[in-house]
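Encoded as structure tokens, the structure appears first; notes follow it.
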């Protein structure tokens, strides 16, 4: 059931890792934004901007294999690398392929698709990344709902890049006077973003996942994922799949 | 069993809420610092600076009542207020009483004592607050261990004041060249502290717990707890009690 809330009393909270979701999520008065900047949610936004029809997120590699055996296009990433037996992982560049236009894709990743799985209790789940930042802010501004920013993190640990994106959303939404309730988590994330926004690459220089991706020669992906608002699509979870 | 680590490779991590402790704590290679700035760990530091012999942290009010019935001095706080039937909660000022000198005190609080309970898997648990900041940094510098800063938070949510203290410790320890491994969580907490350090009161103005304490007329406690390094004691958990 949809629960409406009073205009002018909207809250913004950040859940820094999926493990805390049950602590933060209590009722259907919020939109949940799933965030996995490096790279699942950036890849998902890229896919829809390039005409993919839907993305079915699954938690386990074995689920992805089952879909693949049924003829689906399937993508799987673990610890930054493409899982053996799959052609795609979560590099945004893979999702620009014109052959994927109009297709349904099954996706499993280390953190991002697990965060979506956790969030399934919510009525409204959308996908956020720097690539569709402005569109996400616009979407949230227009909904008469609280906002719960769910960072995928890294294996249930806090991570910098997802928290920065949560901070960017908190920063722009808090300029909107209907959001009066910034939780401690969104105040902290916003302060981080304000410190980092002029040069996010430099701020993330020492972050653990950036180092991990650098070791895997994924610097090009990192730079791509840190671009702001190049796409206007806001993927939403409907039924068992993400769609726009 | 004590696990020694290589000098020059020490890590600093922040666990922003007790619910995440199992994610961050894996082995006895770290010192766990329990942090509940408003007000449990500030009160504990104050107690030892005023000559208390020991503090026995317990998780539940019923445990505290049992000790009280056995003749112990017992203190209990829930949601910022003294629990009915107790003379003391977690206001630092209560622990300056000369009658408490040399005494053992049983304490239960909303978040702080629960964080200590969670941390019990670790060999070395110490108590941190702004009141003993320098002493804590000095203690951690001298131990050949990693550091896990455990924020008590608010009912398993992230809170600003505990994260700020974790950031202060990360800030000072990262000046020490033996700490090369700052996790994303400690980079974020340190950035927050650097932003807030000139006027922590102003930075915390909109924090949820500060507002909660203001409503309870505890402004005097807040200002007291934000003083830096006025005490030199580092309480440590030994057996079933905190001691210095």
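Is it fair to say residue A:149 is at the interface with chain B (Cβ under 10 Å from one of its Cβ atoms) and touching a residue at least 12 places away in the same chain (Cβ under 8 Å)?
no
Which members of the range A:184-194 meet the condition of being at the interface with chain B (Cβ under 9 Å from one of its Cβ atoms) and either more than 25 Å from residue B:152 (Cβ to Cβ) or touching a residue at least 40 places away in the same chain (Cβ under 8 Å) (or both)?
A:185, A:188, A:189, A:194, listed by residue number.
Residue B:157 fails exactly one of the following numbered conditions: (1) over 13 Å from residue B:37 (Cβ atoms); (2) surrounded by fewer than 18 Cβ atoms within 10 Å (Cβ to Cβ). What is the number of that condition?
Result: residue B:157 fails condition (2) only.
State the number of residues belonging to the range A:198-223 that are surrounded by 14 or more Cβ atoms within 10 Å (Cβ to Cβ) and either away from chain B (no Cβ under 14 Å) or in contact with a helix residue (DSSP H, G or I) (Cβ under 7 Å, 6 or more places away or on another chain) (or both).
Residues in the range A:198-223 being surrounded by 14 or more Cβ atoms within 10 Å (Cβ to Cβ) and either away from chain B (no Cβ under 14 Å) or in contact with a helix residue (DSSP H, G or I) (Cβ under 7 Å, 6 or more places away or on another chain) (or both): 12 in total.
Filter the range A:37-52 down to the residues that are in a loop (DSSP other than H, G, I, E, B), more than 14 Å from chain B (Cβ to nearest Cβ) and under 15 Å from residue A:165 (Cβ atoms) and list them by number.
A:39
Test residue A:77 against the stated conditions and say whether it is within 16 Å of the chain's Cα centre (by Cα), surrounded by fewer than 17 Cβ atoms within 10 Å (Cβ to Cβ) and not in a loop (DSSP other than H, G, I, E, B).
The answer is no for residue A:77.
Report yes if some residue within the range B:155-164 is touching a strand residue (DSSP E or B) at 6+ places or on another chain (Cβ under 7 Å), farther than 26 Å from residue B:240 by Cα, assigned to a helix (DSSP H, G or I) and within 14 Å of chain A (Cβ to nearest Cβ); otherwise report no.
Scanning the range B:155-164, I find at least one residue that is touching a strand residue (DSSP E or B) at 6+ places or on another chain (Cβ under 7 Å), farther than 26 Å from residue B:240 by Cα, assigned to a helix (DSSP H, G or I) and within 14 Å of chain A (Cβ to nearest Cβ), so the answer is yes.
Conditions first: (1) modelled with pLDDT under 95; (2) touching a strand residue (DSSP E or B) at 6+ places or on another chain (Cβ under 8 Å); (3) not in a loop (DSSP other than H, G, I, E, B). Residue A:147 passes all but one, so which condition is the exception?
(1)
Hey, can you tell me all the residues within the range B:11-35 that are more than 9 Å from residue B:150 (Cα to Cα) and touching a residue at least 60 places away in the same chain (Cβ under 8 Å)?
Passing the criteria: B:11, B:12, B:19, B:24, B:25, B:28, B:29, B:30, B:31.
Which number in (1) assigned to a helix (DSSP H, G or I); (2) within 14 Å of another protein chain (Cβ to nearest Cβ) marks the one condition that residue B:181 misses?
That leaves (1) as the condition not met.
All but one of (1) touching a helix residue (DSSP H, G or I) at 6+ places or on another chain (Cβ under 7 Å); (2) at pLDDT 95 or above hold for residue A:156, so report the exception by its number.
Result: residue A:156 passes all but (2).
Kindly indicate whether any position in the range A:22-36 is away from every other protein chain (no Cβ under 14 Å), surrounded by fewer than 17 Cβ atoms within 10 Å (Cβ to Cβ) and at pLDDT 95 or above.
no
Collect the residues in the range A:85-114 that are more than 14 Å from residue A:43 (Cβ to Cβ) and at pLDDT 95 or above, keeping them in residue-number order.
Once the filter is applied, which keeps residues that are more than 14 Å from residue A:43 (Cβ to Cβ) and at pLDDT 95 or above, the range A:85-114 yields A:98, A:99, A:101, A:102, A:103, A:104.
Return the residue satisfying two criteria in turn: it lies in the range A:118-136 and is in contact with a strand residue (DSSP E or B) (Cβ under 7 Å, 6 or more places away or on another chain) and part of a helix (DSSP H, G or I), and of such residues it is nearest to residue A:64 (Cα to Cα).
Checked the range A:118-136; the qualifying residue nearest to residue A:64 (Cα to Cα) is A:119.
Please state which one of A:202, A:189, A:196 is touching a strand residue (DSSP E or B) at 6+ places or on another chain (Cβ under 7 Å), at negative phi and assigned to a helix (DSSP H, G or I).
A:189
Taking the range A:93-113, which residues are crowded, with 23+ Cβ neighbours inside 10 Å and part of a helix (DSSP H, G or I)?
Hits for the range A:93-113 are A:95, A:112, A:113.
Evaluate the range A:1-21: report whether one residue or more is away from chain B (no Cβ under 14 Å) and more than 21 Å from residue A:173 (Cβ to Cβ).
yes
Of all residues in the range A:169-178 being surrounded by 14 or more Cβ atoms within 10 Å (Cβ to Cβ) and out of contact with any strand residue (DSSP E or B) (no Cβ under 9 Å at 6 or more places or on another chain), which is farthest from the other protein chains (Cβ to nearest Cβ)?
A:172
Only one of (1) surrounded by fewer than 21 Cβ atoms within 10 Å (Cβ to Cβ); (2) more than 11 Å from chain B (Cβ to nearest Cβ); (3) touching a residue at least 40 places away in the same chain (Cβ under 8 Å) is not met by residue A:238, so which one is it?
Single failed check for residue A:238: (3).
The values are calculated or read from the model by the stated rules, or taken from the named source; none is laboratory data. Computed from a prediction, not measured in an experiment: that's the story for all the values here. In this analysis, Cβ positions are derived from the backbone assuming ideal geometry, glycine residues included, and neighbour counts consider all displayed protein chains.
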